[in-house]
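A short worksheet on the structure shown next.
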Ligand code: SF4
């Protein structure tokens, strides 16, 4: 199983109040950051040799110039074996869309663009503190297509305060009108340490409860399913099987991945480690010849077992019970028979041959189901 390479670009023009990803608005560090990335790749090449997916995310990769992206991809190809048909994704903020930039990326071998649209409602974009407009999203989609990208995805956020099912359907219809190959629909959450969380605690707004959230989740499944999209993971929809994210699928299947850049996480051989969540510390460590690793953990059998269930049940493919048996020495059909029968009777899971698959409602509660098993 070939590993995936994730590269975290730690720059944003401004900080969205709900966001918990690491980034800084100090974009003057770009040259030192790219040099540090090159050093980090060099330091990791003994542990990782080959990749067949590259995902440049962040932060805001579209703040980098085409020449910056060329340097990063060039370094990756110099240090590692990158498959000729590697799925190579770059995340883009609609406010940064530029036709020449997209053409340059295409010439560099980038074959997948992910556009952070988030919403098609001006009021929602203001609430989310986004720096782009609805018009920016439409213009970006046009430029992405004109540059020749067929595999182009959109991010949408649902579960905004007071969002009705009709509001959400309108958002989904607006997204579908752009004919994306992929849609990622994320539930808005108030993550610890964010301004958004503090405002929620002060009672400035409230988020939909569990029952309303489930209805919104089912509405997306219904609307996008009618439009022919495959709901292949809790938050992920693909217009056709070839548009399923090969990179993200590695995270859900415990396939090794290397994360580079501040705050990036890596996984290999049951070990997980993560980088410093500070650009200065990250760059300084690499300039001094040290790895910028902030912490690591080795997952024991029970943790890997739980993660396998939790991650597998988030996907439509579910969990292969035979390989689970081989890997953990446990046949869930025997050890958890009563619980499984109950979850199947409640229409949360289905058993298809050797595969334990979630229904749509099961997907929505995959984390809770996994803890029962
Ligand atoms: S949501 Fe995206 S653009 Fe906004 S702060 Fe987070 S990484 Fe930056």
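Any read-out appearing in this document is the output of simple, stated calculations on the displayed coordinates, not a laboratory observation. A quick note: this is a predicted structure, and the numbers were derived from the prediction, not measured. Reconstructed Cβ throughout: ideal geometry from the backbone, glycine too, with neighbour counts over all protein chains shown.
Here are the numbers for the structure shown:
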quantity	calculated
Percent of beta bridges antiparallel (DSSP, the chain, rounded to nearest 5)	40 percent
Mean Cβ neighbour count within 10 Å, used as a protection proxy, ranking 329-341, 34-46 highest first	34-46, 329-341
Computed over region 143-227, Cα set: Rg, Dmax in Å	15.2, 47
Equivalent ellipsoid semi-axes, region 63-146, via Cα gyration tensor eigenvalues times 5, rooted, Å	28, 12, 11
Where only C-alpha atoms are counted, convex hull volume of region 173-302 per residue in Å³	190 Å³
Diffusion coefficient, µm² s⁻¹, Stokes-Einstein with Kirkwood Rh over alpha-carbon pairs of region 122-167 at 25 °C and 0.890 mPa s	197 µm²/s
Rg ratio (alpha-carbon, reference 2.2 N^0.38 Å) - region 244-373	1.28
Cα Rg, Dmax (largest Cα-Cα span) when computed across region 20-164, Å	16.5, 52
Using alpha carbons only: equivalent-ellipsoid semi-axes of the chain, gyration tensor based, whole Å	32, 28, 20
Coarse-grained scattering of region 78-213 at q = 0.16 Å⁻¹, given as base-10 log I(q)/I(0) from a Debye sum over alpha-carbon atoms	-0.86
Mean shadow area of region 301-372, taken as a quarter of the surface of its Cα convex hull (nm²)	4.1 nm²
Cα→Cβ-extended label distance, 7 Å offset, between residue 352 and residue 135, nm	4.6 nm
Long-range Cα-Cα pairs in region 249-312 (distance over 12 Å), rounded percent	69 percent
Sorted by Cβ neighbour density within 10 Å, fewest at the top, the residues 14, 245	14, 245
